[in-house]
Structure formats: C-alpha cells, structure tokens
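Here the structure comes first, spelled out in structure tokens, and everything after it is commentary.
No lab work stands behind these numbers, since they all come straight from the coordinates. Computed from a prediction, not measured in an experiment: that's the story for all the values here. Counting neighbours? That spans all protein chains shown, and the Cβs are built from the backbone with ideal geometry, glycine included.
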Amino acid sequence: MTNYGTIPSSSSPGTSTKLEYISRAKERVKAGLGTRRPWKVMFNFRSFNFPGNISEAGTRARTNIAYFTMNYALVVLIILFLSLLWHPISLIVFIVMAIAWVFLYFLRDEPLVVIGRTIDDRVVLLVLGVLTIVFLLLTHVTLNVLLSLLIGVILILIHGVMRKTDDLLLDEETTGLLSTAPAAGASVGAGSTSS
C-alpha cells in the first residue's frame, strides 16, 4: 500500500501510441486542408468576368481547377452530403467512404504501395471517387447522387470559367500546381498553342 496516492511515472505504451497517432493525424489533416485555398480568394468578386473567347474559357477552367482542387472537392462533397440527409442508409455509406478517404488519401504521409508498386495520388483519388459513387448508387439513391454530381460539376465549371486567373499565376508558379502556368498566362491574351 506504499504506492497508494502516487502518480505513475509512465503511461501504458498503448495509450501513448494512440495519442501519438491522433496528434499526427491532426497535423496531416491540417496540412491536407492547407492545400485548400482561402474562400475569400476563391470568391473574390472583383476577379469575375466573362471570358473573351472559348480558348480563354478553357484556359481559365484548367487553371482554376488545378488551383482550387481541394475547394472544389469540398464543395462537391458538401452538396452530396446535403442531398443524402433524407436517406439514412446512403448517409451511413457516405460516412464510411469518408473514413476511407481520410485514411487512404488525407492521412497518408507516405505513398500508397500495393503489391510492390507505388500508386499515384491521382489514381487513389480517382479510385476512391469511383468507389464512393458506386457504393452510393448501390443504396438506390442514383438520382440524388447523379443530380448532386451534376450540380457540383456545373458549379465548378461556371466558377472555373468566370473567375479570372491573373492573380493566381504567381502562386501557381511558386507551388508548381500547373506545369504549364507560364503558357496558360500567355495564352489568355492570344490564341493558345498546344504542345
């Protein structure tokens, strides 16, 4: 009974490992959300106007989609989530897939390796997106999912075409989001040439 009232000097190894994992997960989520652009930049109404021609619209859309990828993904996921509020089973499937997204895409700090092959992040993004849609469609909310995705794509395209990219070029060049950032900037005023 001589140990009664004393505080143990070390915690159990399982507890410290869990706390370490949770703190690493929080840091990775913050870092992942760090690629999200500020909403004020995305919706800077002084940066909106109609494009001069179709090639400028395409250039704007490509640049904005590359620059605001995380924001656009969040918008589509929010629209999808809101459309599933009246379908509880589909909402549960959506939450399960969201957990898969968190562990397989957002919380990974190393490349995903399957059968000795490194899987590119874009492939992981595509596979998770397709699986999410397929599993939701299997819960008989086909119309909700398709309408949500259609609304999301339309909103992304409207924003991508309407938002000027002049103020985004410096950030793109420094972050390396687009490999053709200088060409995209040069093609806004003149006709674009494809390589």
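Extension gain, L77 to V113, is 10.3 nm, computed as 0.36 nm per intervening residue step minus the present C-alpha separation. Ordering of 114-120, 133-139 by packing is 133-139, 114-120, highest average first (other Cβ atoms within 10 Å, averaged per residue). When a/c is below 1.5 the answer is rounded, else prolate if a/b is larger than b/c, else oblate, so apply that to segment 43-127 with a ≥ b ≥ c taken from the square roots of the Cα gyration tensor eigenvalues. In terms of gyration-tensor shape, oblate. Distance between the 7 Å Cα→Cβ label points at W39 and D167: 1.7 nm. Within the shell of other residues whose beta carbon sits under 14 angstrom from the beta carbon of F45, the net charge comes to +3, with Lys and Arg scored +1 and Asp and Glu -1.
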